[in-house]
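Here is the structure we will look at.
Read-outs: derived from the displayed coordinates by stated rules, not from any lab. Note that the structure is a prediction, hence the values are computed from the model and not measured. Backbone-built Cβ (ideal geometry, glycine too); neighbour counts: all protein chains shown.
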Amino acid sequence: MERNDIKKQLYREKPIANYVMSTDNGLVLYRTKVGNVSVLFKIPYKESVGFEKEMPAQLLIRWMEW
């Protein structure tokens, strides 16, 4: 699945991204699933202030990896 296809699916399905962990190198990780693809969001800690344990995944597209 291509990156743009995943973005479209995130907007269509509106999945929830769940907090996974904070890393030692200053990242906060969230994960969701779109179809059969697991999507990881790596967010710099400074930009994640105020984020919840669960977030709408389409709000995290900027930091999307898979």
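Gain on full extension, evaluated as 0.36 nm per residue between VAL49 and ILE16 minus their Cα-Cα distance, stands at 10.1 nm. Annotation for region 19-66: GluC sites (Glu not before Pro) lying in DSSP loop with at most 13 further Cβ atoms inside 10 Å of their Cβ are GLU52. Computed from Cα positions, the angle between helix 3-13 and the longest principal axis of the chain comes to roughly 90 degrees.
Derived from the Cα gyration tensor, the three semi-axes of the equivalent ellipsoid of region 3-65 are 20, 11, 10 Å, largest first. If you run the Gaussian network model on the chain, springs between alpha carbon atoms under 10 Å, then out of VAL34, VAL20, VAL49 the most flexible one is VAL49.
Could you tally the net charge around MET21, taking each other residue with its Cβ under 13 Å from the Cβ of MET21, Lys/Arg +1 and Asp/Glu -1? Net local charge, MET21 excluded: +2.
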